[in-house]
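One structure is given here, and the rest of the page talks about it.
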Amino acid sequence: MLAPWAYLAGVIALIGVLVLGVSGKGAQRWLALPGLPRFQPSELMKLALPLLIAWYMASKSTPPKLITLVKAMVLIAIPLVLILKQPDLGTSILIAASGILVLFFAGMPWWLMFSMISIIAACAPLMWFFVMHGYQKQRVLTFLNPESDPLGSGWNIIQSKTAIGSGGIEGKGWMQGTQSQLEFLPESHTDFIIAVLAEELGLIGVLLLLILYFLIIIRGLYMATQCSSLFGRLLSGSLIITFFIYVFVNIGMVSGLLPVVGVPLPLISWGGTSVVSLLAGFGVMMSMYTHDVK
Amino acid sequence: MWGHSFRDRMAEQKLFRSRAIFMTVLIFALLCLLAGRMAYLQVVLHEKYQDLSENNRIQLRPVAPNRGLIYDRNGVLLAENIPSYSLTLVKERVNDVDETLTYLKTLIDISEREEKQFRKHLKHNRRPYQAIAIKHKLDEKEIAQVMVNRYYLPGIDVEARLVRHYPEGATSVHALGYVGRINQKEEDRLDKKQYSATKHIGKLGIERRYEKELHGQVGYQKVETNARGRILRVIEQVDPIPGEDLVLHLDQRLQNAAAKAMKGYRGAVVAIDVASGGILIQYSNPSYDPNSFVTGISHAEYSGLRTNPDLPLFNRAIRGQYPPASTLKPFLGLSFLEAGAVTWQDEINDKGSYKLENDDRLYRDWKRRGHGKVNLHSAVMESCDTYFYDAAYKTTVDNISPFLGKFGFGRNMTLDVPNALSGLLPSREWKKKKRRRSWYAGDTLNLGIGQGFMLATPMQLATATAVLAGKGKWHSPRLMARLGNRPPEIDSKKLPDIVLKDSKDWDRMFNAMTAVVHGPRGTARGLRRNLNFTMAAKTGTSQVVSIAQNEEYDSETLAERNRDHALFIAFAPAENPSIAIAVIVENGESAGRTAGPVAKAILQEYLLGAKG
């Protein structure tokens, strides 16, 4: 049972980031330990947290008692606060969601579910004043009205919407997207890659991708239900839904439905640690399916 | 913890399954939301974003037309466009402007003023990705220094563009003027479209007068650029239409002759082609190099020009207003004849001064002992003031002033010389209106010798002389001879030709003026030596207004600056005049010794130089 240790290591690494982490783009997210490649401990947490919560919930009776849920939420809150401090709003929300999803699958009562959602909604204005950093507020303002600063913070979202919209139904063709090939679209390899796809392959390409994602998610959920242990079910279910949240948040932000948060498009975006944690998650799910089926 | 009952596990699985199904439905709904959002952008708003995307990629770039060239009458190039290299910076491509500037300063000289200018331009009306000039007129070494280190200088470039150049430098600036950078005031006034790629505009002289024609029509390039503004290819091109070339009446050879003859003097020379009114010479001395103004004159150089006591920036040829003094006498003489106040035969006995009835004041002749018996011919030849006092008094200002007006005195008659002043032709009405005094007989006497209120520019004197030489035929003075392929401009300004009661009076006045040079007692008889043509002329010496006694200044300067101005008008050859000239030498005292030889040298160059 490695889960508590992984969690503990993750929490220590996150504290380490805050104390002696490396800064980049105004946030302190990286840990550069001698002898190891530079990495983001928050990525480690993406796996460690659902692991721990699944382990914890599986050790308790179902349906869970309220006190168990409260204790689990404290365990979720610790990395949440640490990552918020970096600051990294996107990742902290994703990690918290992965923890809460375990609780949801463990049988968290609906009334608690809905009251939590309402409390979060009510707290959102308070976040604006007490938690969010200047650049995060700017992102929200830009989300509400990108045209207010077309050359500054609004640039990304205007260009991505332009790329998507100009793609039309059939797209401009492979490598023919002017928005992306002429560098109007920023981050076209990483967070904004769906805009490139939408521009070059059109609505058809986007729908195909969404269907693929849906198939993966259904398959994941099916595999989760096939697990014989509660731990396996909780962990697999949480991981596959987190995967969906990635997809939803990323496409939502690039198409202007959601504010810009730094979330990659899983399995498509170019990038280091997030691929590692995602594929590790799939590995865990498949291992569960292989070894834990009744 | 492994002790769960079978029923518990069944319940757990059931619970999980139901929640998984709920999630599947929710996920499907959310994916549909995303698909709907994408479809909305890609289908409903497709056209809008298609346009936006095209506008991103395609840019219309204005292309500046080449400015028309300016030639003198013999095809000598007076204004051309030569390539000049500027150091430019695109802010969007530079990481840190201050750092880049500091580094550039280790490579080449960037003055404080250049840096200030650059920062000012950087702040003001700049399009994104527009290159801003840091330094102009880079020499080859500087270009090399920058280009070699360009790898370390993203966003820095050396840009070649054509700039105006005046190969003849200082000798013709007072006629040509110059171009300079468009300033804020001009920018507000100009056609934004036509000048979208133009950096310079005519500021003075011909460059300003024919700005529209010289400028040409802006062209366009439809280019595909990437987000960094780099041009990837030209999709479509509308070539600019270059400005029209301008041929002037000006004769650069004569400008050079004037510059040479005027060396060391303050003053001006204007010469006019009698047959056309074309301005052959428009020269003011001292002069300055217009090339300094094109890319921005340095503060030190400019204040040097401004504070120079010899006023090089002052265009004496068209803005210097002097009492014409005795050079007015041929015109005055004709006015006496026309009014019937005198005839050629009438004589007076000059004892050296003239007195009005009821006035104790003595109006002195320049010659203390008087000229003795004089008629109009000898009065012109010897410049006898007493004769002119008497005749002016008899003719009265009401006859003199309108007649002088026919020669263009008192108004700016130039067709295409910007900023030319109109001098002052006094009259009874003028004095009443402007000075609130009535006209006195003494005023008439002063006017009778070209002094008093009367003021004329060298341009006006030359114009009047040309009309005189043409026997009353009027041509407004002009610089432009041909503009592109256009028909010559119609002389809209010209005055009616002057018709005398007796047209022989022209010849008689010519004779009198010829006698000024060739006669035994002519005031410019010193010019006769080595003169291979006949020249009709008139000298003048105009009093300089005395300076207030309580002012402090260098006594030597005072003495020099208080001397009389020397004036000289002439036309030649006297038998069949082709050129009329007016020369003024400030504080030159004796016209026969200063202004006269200048005119003679130039006329000699004009009439004989071409053959030799």
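Where strands (runs of 3 or more DSSP E) sit wholly within the stretch B:238-326, none has at least 2 residues that are open to solvent by 20 Å² or more (accessible area, probe 1.4 Å) and not acidic (Asp, Glu).
Applying the criterion of at least 3 residues that are within 22 Å of the chain's Cα centre (by Cα) to the strands (runs of 3 or more DSSP E) found wholly in the stretch B:175-227 leaves B:179-181, B:200-202. In the stretch B:352-369, which residues are part of a loop (DSSP other than H, G, I, E, B) and exposed (fewer than 13 other Cβ atoms within 10 Å of the Cβ)? The answer is B:GLU357, B:ASN358, B:ASP359, B:ASP360, B:ARG361, B:ARG368, B:ARG369. Applying the condition of being in contact (Cβ under 8 Å) with a residue 60 or more places away in the chain and at the interface with chain B (Cβ under 10 Å from one of its Cβ atoms) to the stretch A:232-253 and asking which residue is nearest to A:HIS291 (Cα to Cα) yields A:ARG233. Can you work out which of the residues in the stretch A:241-263 that are buried (at least 22 other Cβ atoms within 10 Å of the Cβ) and either among the small types (Gly, Ala, Ser) or part of a loop (DSSP other than H, G, I, E, B) (or both) is nearest to the chain's Cα centre (by Cα)? Selected residue: A:VAL263. Looking only at the stretch A:32-65, residues that are at pLDDT 75 or above and either touching a strand residue (DSSP E or B) at 6+ places or on another chain (Cβ under 8 Å) or part of a helix (DSSP H, G or I) (or both) come to 19 in all. For the stretch B:85-101, check the following and say yes or no: at least one residue is out of contact with any helix residue (DSSP H, G or I) (no Cβ under 7 Å at 6 or more places or on another chain) and under 17 Å from B:GLY296 (Cα atoms). Yes, the conditions are met somewhere in the stretch B:85-101. Restricting the search to the stretch B:437-495, which residues are among the hydroxyl-bearing types (Ser, Thr, Tyr), part of a loop (DSSP other than H, G, I, E, B) and open to solvent by less than 10 Å² (accessible area, probe 1.4 Å)? Listed by number, the residues that qualify are B:THR457, B:SER476. Within the stretch A:45-82, the residues that satisfy the criterion of being open to solvent by 60 Å² or more (accessible area, probe 1.4 Å) and away from chain B (no Cβ under 14 Å) are A:LYS65, A:LEU66, A:ILE67, A:VAL70, A:LYS71, A:VAL74, A:ILE78, A:VAL81.
Inspect the stretch B:408-424 for any residue being open to solvent by less than 10 Å² (accessible area, probe 1.4 Å), in contact (Cβ under 8 Å) with a residue 60 or more places away in the chain, in a helix (DSSP H, G or I) and not aromatic (Phe, Trp, Tyr) and give the result as yes or no. No, there is no match, as no residue in the stretch B:408-424 is open to solvent by less than 10 Å² (accessible area, probe 1.4 Å), in contact (Cβ under 8 Å) with a residue 60 or more places away in the chain, in a helix (DSSP H, G or I) and not aromatic (Phe, Trp, Tyr).
In contact with a strand residue (DSSP E or B) (Cβ under 8 Å, 6 or more places away or on another chain), of a type outside the set (Gly, Ala, Ser) and assigned to a helix (DSSP H, G or I): which single residue out of B:MET509, B:MET513 fits that description? Testing whether each residue is in contact with a strand residue (DSSP E or B) (Cβ under 8 Å, 6 or more places away or on another chain), of a type outside the set (Gly, Ala, Ser) and assigned to a helix (DSSP H, G or I) leaves just B:MET513. Residues that are crowded, with 21+ Cβ neighbours inside 10 Å, within 11 Å of chain B (Cβ to nearest Cβ) and touching a residue at least 24 places away in the same chain (Cβ under 8 Å) were ranked within the stretch A:169-192; the one that is nearest to A:TRP270 (Cα to Cα) is A:LEU185. Scanning the stretch A:203-228 for residues that are of a type outside the set (Ser, Thr, Tyr) and more than 7 Å from chain B (Cβ to nearest Cβ) yields a total of 13. Has the stretch B:26-39 got at least one residue that is within 23 Å of A:TRP155 (Cα to Cα), more than 7 Å from chain A (Cβ to nearest Cβ), without any contact (Cβ under 8 Å) to a residue 60 or more places away in the chain and surrounded by fewer than 17 Cβ atoms within 10 Å (Cβ to Cβ)? No, the conditions are met nowhere in the stretch B:26-39.
Candidates in the stretch B:150-166 are the residues that are touching a Phe, Trp or Tyr at 6+ places or on another chain (Cβ under 8 Å) and free of Cβ contacts under 8 Å to residues at least 60 places away in the same chain; of these, the one that is surrounded by the fewest Cβ atoms within 10 Å (Cβ to Cβ) is B:TYR152.
I'd like to check something: does the stretch B:61-84 contain any residue that is of a type in the set (Phe, Trp, Tyr) and assigned to a strand (DSSP E or B)? Within the stretch B:61-84, one or more residues are of a type in the set (Phe, Trp, Tyr) and assigned to a strand (DSSP E or B).
Scanning the stretch B:574-595 finds one or more residues that are farther than 19 Å from B:ALA275 by Cβ and in a helix (DSSP H, G or I).
Against the numbered list (1) open to solvent by less than 40 Å² (accessible area, probe 1.4 Å); (2) touching a residue at least 60 places away in the same chain (Cβ under 8 Å), B:TYR220 comes up short only at (1). The residues in the stretch B:53-96 that are open to solvent by 20 Å² or more (accessible area, probe 1.4 Å), over 29 Å from B:GLN282 (Cα atoms) and away from chain A (no Cβ under 14 Å) can be counted, and the count is 8. Give the residue, chosen from B:GLN42, B:GLN50, that is within 14 Å of chain A (Cβ to nearest Cβ), in a helix (DSSP H, G or I) and open to solvent by less than 30 Å² (accessible area, probe 1.4 Å). Answer to the selection: B:GLN42. Look at the stretch B:60-80: where a residue is closer than 28 Å to B:SER196 by Cβ and a partner is loosely packed, with under 15 Cβ neighbours inside 10 Å and polar (S, T, N, Q), sitting 6+ places away or on another chain with Cβ atoms under 9 Å, you get B:VAL63/B:GLN237; B:PRO65/B:GLN217.
With respect to the conditions (1) modelled with pLDDT of 90 or more; (2) open to solvent by 40 Å² or more (accessible area, probe 1.4 Å), A:LEU151 lacks only one, and its number is (1).
Kindly check whether there is at least one residue in the stretch A:193-202 that is farther than 16 Å from A:PRO264 by Cα, in contact with a helix residue (DSSP H, G or I) (Cβ under 9 Å, 6 or more places away or on another chain), open to solvent by 40 Å² or more (accessible area, probe 1.4 Å) and facing chain B (nearest Cβ under 10 Å). No: zero hits.
The values are calculated or read from the model by the stated rules, or taken from the named source; none is laboratory data. All of these numbers come straight from a predicted model, not from anything done at the bench. Note that we place each Cβ from the backbone using ideal geometry, even for glycine, and neighbour counts take in every protein chain shown. Accessible surface is based on the protein model in full, side chains and every heavy atom, while ligands, DNA and RNA are left aside. Shrake-Rupley method; radii C 1.70, N 1.55, O 1.52, S 1.80 Å.
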